[in-house]
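Participant: Pasting a structure here, questions to come.
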Amino acid sequence: MKNFSILGYGHIGKVHEQAIRDTENANLISIIDFNLPSDLDAITYSTLESFLQEDTTTDVVVIATPNGLHREHAIRCLKAGKNVFIEKPISLNVADAEEILAVANEKGLRVFSSMQLRFSPVVQYVKKLVENNALGKIHMVNVQCYWNRNRNYYKLREWHGTDDMDGGVLYTQFSHFVDIINYWFDEVKCVNSRSFNFSHSDITEFDDSGYVDFIADEAVGHMTYTTSVFNKNFESNITIIAEKGTIKIGDQYLNQMLYSDLKNVCCSNKVSTEQKNFHPEAIQEVSDALFRKNESILDGKFAVDLVKFISAANDFAKENKLHQMNAYEVSHS
Ligand SMILES: NC(=O)c1ccc[n+]([C@@H]2O[C@H](COP(=O)([O-])OP(=O)(O)OC[C@H]3O[C@@H](n4cnc5c(N)ncnc54)[C@H](O)[C@@H]3O)[C@@H](O)[C@H]2O)c1
């Protein structure tokens, strides 16, 4: 049994609370946030500082504060001797992610990241197909993320839409999709990207849409994404085109097998599930991994790969925009 405390009791902090309560080998000790209800069945603190001064029993702090605070909060917890389970993304740049891992290493502590869609049976199924070479040579990997984030979403939380706290739609909305590509393939490298702002330019500091070209091992990869879909989320999916089969998985939580046509493999549609919340599996894994003391699929090093990919995509997009603006100025001068 491992003892958990939660820093940040907003939307996802509450999901973690329930996941800890639902998990046999996890015990909830404290919840830390500015204004907490008085009837919580946990010790409450209004600041991280007061928690770190008083707490003697927490093994892992779940960091569920806005993206831009993860680095500071993780490092303060690690320096106080706590393992950390950080919500995605673990940070908004590679240097911060590496610093978190370096501090953990120095202190002999663990960093985990909330890449809980790795536990979807559909994702696990494809992982095994790739590992066992059941798909043969993989030619193409295609990621499509077409969602809606309306003005209310950006007004609801101060940190949404800002460069320094939110970091953009690849980090906040679509990082799970990038993570699953990283999970399936050994080496994933972003090679180009462009971004556009179709409908949020007056409300967000970053673009709402774009595409990313990448290489996944030897496969050609392409991701298109937007939060500008009319009215509501439309679809999100990942397609693999390979020598011995075609596979398409999807839905917001990557829990559905949408299409599969595989040589010598039948019944793959049966892996679809209605389960959407994989946080309980993640809490269980963090607790087990601390007992096992060996590698975990939620280890922080995998979360660094995610930050590397997205930060490269954002850099390519900025560079391409600059070239475009320069070309425009030259042609109009
Ligand atoms: N894994 C997932 O599927 C998933 C889903 C949604 C959000 N997230 C991530 O979870 C994190 C939180 O997102 P959210 O939607 O819950 O945001 P939120 O705004 O609903 O909650 C954040 C909470 O942190 C608290 N907080 C901020 N600064 C604090 C501080 N210094 N000390 C104590 N508390 C502080 C706020 O008061 C708020 O209650 C983000 O990193 C987000 O990207 C992950």
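The values are calculated or read from the model by the stated rules, or taken from the named source; none is laboratory data. Values in this document were obtained by computation on a predicted structure and should not be read as measured data. Virtual Cβ from ideal backbone geometry, glycine too; neighbours counted across all protein chains shown. What goes into the accessible areas is simple: the full protein's heavy atoms, side chains included, and nothing from ligands, DNA or RNA. Shrake-Rupley method; radii C 1.70, N 1.55, O 1.52, S 1.80 Å.
Participant: Determine ³J(HN,Hα), in whole Hz, for all residues of region 103-114 in sequence, where each value follows from phi through the Karplus function 6.51 cos²θ - 1.76 cosθ + 1.60 and θ = phi - 60°; x replaces Gly and Pro.
Facilitator: Result, ordered by residue: 5, 4, 4, 4, 8, x, 10, 10, 10, 10, 10, 7 Hz.
Participant: So, one more: Give me the 1.4 Å probe accessible area per residue for region 95-175, excluding ligands and nucleic acids, in Å².
Facilitator: 44
Participant: Once neighbouring chains are kept in place and the probe is 1.4 Å, which whole percent of the accessible area of the chain is contributed by carbon and sulfur?
Facilitator: Carbon and sulfur together cover 49 percent of it.
Participant: Ordered by packing density, taken as the mean number of other Cβ atoms within 10 Å over each peptide's residues, highest first, how do 33-43, 281-291 rank?
Facilitator: 281-291, 33-43
Participant: Output the antiparallel fraction of DSSP beta bridges having both residues in the chain, as a percent to the nearest 5.
Facilitator: Taking every DSSP beta bridge with both residues in the chain, the antiparallel ones total about 60 percent.
Participant: Right, here's the next one. What order do you get for 1-10, 228-237 when each peptide is scored by the mean count of other beta carbon atoms within 10 Å, highest first?
Facilitator: Taking the mean over residues of other Cβ atoms within 10 Å, the ranking is 1-10, 228-237.
Participant: Can you give the helix-only mean residue ellipticity at 222 nm for the chain, where every DSSP H stretch with n ≥ 4 adds -39500 (n - 2.57) and the sum goes over all residues, rounded to the nearest 500 deg cm²/dmol?
Facilitator: Theoretical 222 nm ellipticity from helices: -11000 deg cm²/dmol.
Participant: Scan region 24-71 for GluC sites (Glu not before Pro) in coil per DSSP, keeping those whose Cβ has at most 16 other Cβ atoms within 10 Å, and list them by number.
Facilitator: Glu24
Participant: Could I ask something else about it? Sorted by packing (mean other beta-carbon atoms within 10 Å per residue), highest first, where do 204-215, 78-89, 60-71 land?
Facilitator: 60-71, 78-89, 204-215
Participant: Could you do me a favour and compute the accessible area per residue for region 1-79, 1.4 Å probe, result in Å²?
Facilitator: Averaged over the residues of region 1-79, the accessible area is 47 Å².
Participant: Please list the non-local residues whose amide H lies under 5 Å from the amide H of Phe196, H modeled 1.01 Å from N, same-chain partners needing a gap of 5 or more.
Facilitator: Asp208, Ser209, Gly210
Participant: With respect to the cross-link table entries Lys127/Lys301; Lys14/Lys82; Lys14/Lys128; Lys2/Lys79, which display a Cα-Cα separation exceeding 22 Å?
Facilitator: Lys14/Lys128
Participant: Another question, then. Restricting to Cα pairs below 8 Å that are 6+ residues apart, what does the relative contact order work out to for region 1-157? Please round to a whole percent.
Facilitator: It rounds to 16 percent for region 1-157.
Participant: Residues of region 219-333: accessible area per residue at 1.4 Å, in Å²?
Facilitator: 55
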